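Comments concern the structure below.
The values are calculated or read from the model by the stated rules, or taken from the named source; none is laboratory data. Model, not experiment: these values are computed from the prediction. Ideal geometry is used to build each Cβ from the backbone, glycine not excepted, and the neighbour counts take in all protein chains shown. Ligands, DNA and RNA are excluded from the accessible area calculation, which covers all protein heavy atoms including side chains. Shrake-Rupley method; radii C 1.70, N 1.55, O 1.52, S 1.80 Å.
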Amino acid sequence: MRFAKPLDVKIIKEAVKISPNLITVEDNVLAGGFGSAVAEALADNGLKADLLRLGIKDNFVEHGKQAELYQDIGLSAEEIAKAAVKKFK
């Protein structure tokens, strides 16, 4: 998605038609974030999808280089791929 607000429900509906598996990845907290908005849109529109939300869990994130932090919190490319395979295999 190019933007989070207003949420593009039309594109979510189109994505669900293509695949029942959706992944949201955000460089932000999960609680109340973009993935939560997608989950609400799915529920509000009666859409069935298996949703994997990736983002920053509700805990303290240390300071450091961006690549190291992404690795630590599971948002590096490798960690995203691992999470997707684990969820959807």
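Structure data summary
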item	result
Amide H contacts of residue 22 (H built 1.01 Å from N, under 5 Å, at least 5 apart or other chain)	50, 51, 52
Inter-probe distance in nm under a simple model that places probes 7 Å from Cα toward Cβ, at residue 60 and residue 78	2.7
Highest-MSF residue in the chain out of 33, 64, 55 [GNM, Cα springs under 10 Å]	64
Dipole magnitude (debye, nearest 20) for the chain, charges at Cβ of Lys, Arg, Asp, Glu	440
Accessible surface, the chain, averaged per residue in Å² (probe 1.4 Å)	72
Angle between the chain longest axis and helix 77-88 axis [Cα atoms, degrees, rounded to 10]	40
Accessible carbon and sulfur surface of the chain relative to its total accessible area, %, 1.4 Å	54
Nearest 10 degrees, 0 to 90: helix 34-44 Cα axis against the chain principal axis	20
Approximate spin-label separation residue 39-residue 88, in nm, with each point projected 7 Å along Cα-to-Cβ	1.9
Helix axis angle, 9-18 relative to the chain longest principal axis, alpha carbon, degrees	90
